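Reviewing the structure listed below.
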Amino acid sequence: MKKCFFLIAASFLISYNSFSQGLELGVKGIYNSTWLLNKHIAETSGSQQEYVPSFGYSYGVSGAIYFSDKFGIEMDILYANHSQQYTGTISTIDYNAETKLQMLDVPILLKFQSVAGVYVEAGVLYSILSSAEYYNDIAPLISPYQEDISDKFNKHSFGGVIGAGINLDLFLGMGLTAGVRISGSFSDLEGIDALGLDLSDPINLGAVYGGEYEPTHSLSAGFLLGLNFTIGN
């Protein structure tokens, strides 16, 4: 992993020295609506398990190389907290549950910007899972109240990112970025359902879901704020 980041950083420096007109360094924070989407959970009959709107956040550092006043490439390294909450009724007992993922997100984005600073961005997302935990409030009947479920999820995933916003000049090369960003995984995260059952376990699939496997995908959308410092034009 260190070699990967070193190679990416070296590529940015070579590109900057060779082709760029400006380099932008900064910090970013994003407050997101977050989802873990699986067809089995969405189509469960009755009120056994239902999605509850959930929220998470991400923050970290960013670097962008601009090859002209309208086009650049940005890479962020973000610590991300991705949550999915559930509610339902099982055996006449109401319950609440939550799955929490902590990930390192590395989006690489193409950025197109107007003279006024309005921009759009699109690119790819590579995510590394650092931890996953499951909680519920009916622990004596179903599963432990808190459980490490890192082994139930894929450690790496790939996805896409789109966004839009505006860059505002402040003073002495400093700037403020405000915008929206939507991201999601293309690859399967695997994972669990609202009751903590492993969605890739053939026994669970056969007993509860008719033996058919369905992938799990992440989705997040939120508001972005950032501060940046520009070197060059």
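Just so it is clear, none of the values below were taken in a lab; they were calculated from the coordinates. Quantities reported herein were computed from a predicted structural model and do not represent experimental measurements. Every residue, glycine among them, receives a Cβ derived from its backbone with ideal geometry; neighbour counts consider all protein chains shown.
A few comments on the model shown:
- Three-way shape call for segment 156-233 based on the alpha-carbon gyration tensor, with the a/c threshold at 1.5: prolate
- Virtual spin-label span in nm between residue 104 and residue 90, 7 Å along Cα→Cβ: 3.4 nm
- Over all other residues within a Cβ to Cβ distance under 14 Å of residue 94, the charged ones net out to -2, with Lys and Arg as +1 and Asp and Glu as -1.
- Using all pairs of distinct alpha-carbon atoms, the Kirkwood hydrodynamic radius of segment 34-144 works out to 16.8 angstrom.
- Across the chain, the relative contact order, built from alpha-carbon pairs under 8 Å that are at least six residues apart, equals 21 percent.
- Taking Lys and Arg as +1 and Asp and Glu as -1, the other residues whose beta-carbon sits under 14 Å from that of residue 157 total -1.
- Under 13 Å from the residue 208 label point (7 Å along Cα→beta-carbon), backbone N, segment 172-201: 191-201
- Calculated FRET efficiency for the pair residue 61/residue 137, C-beta based, R₀ 41 Å, to 0.05: 0.65
- Principal axis analysis of the Cα atoms in the chain yields extents of 65, 32, 26 Å, listed in decreasing size.
- With a cut-off of 10 Å between beta carbons, the residues surrounding residue 112 carry a summed charge of +1, where Lys and Arg count +1 and Asp and Glu -1.
- Rel. contact order, % - alpha carbon contacts under 8 angstrom, at least six apart, segment 36-131: 24 percent
- Ranking 164, 52, 215 by Cα position along the charge dipole of the chain, where only Lys, Arg, Asp and Glu carry charges on their C-beta atoms, puts 164 farthest toward the positive end.
- Counting only trypsin sites (Lys or Arg not before Pro) that DSSP places in a loop and that have at most 16 other Cβ atoms within 10 Å, the longest clean stretch of the chain runs over 71-154.
- Overall, segment 167-233 carries a charge dipole of about 520 debye about its Cα centre when +1 sits on the Cβ of Lys and Arg and -1 on the Cβ of Asp and Glu, all other atoms neutral.
- At 1.306 mPa s and 10 °C, Stokes D of segment 52-113 from Kirkwood alpha-carbon radius, µm² per second: 110 µm²/s
- Between 177, 145, 30, the Cα set farthest toward the positive side of the dipole of the chain (charges on each charged residue's Cβ, about the Cα centre) is that of 177.
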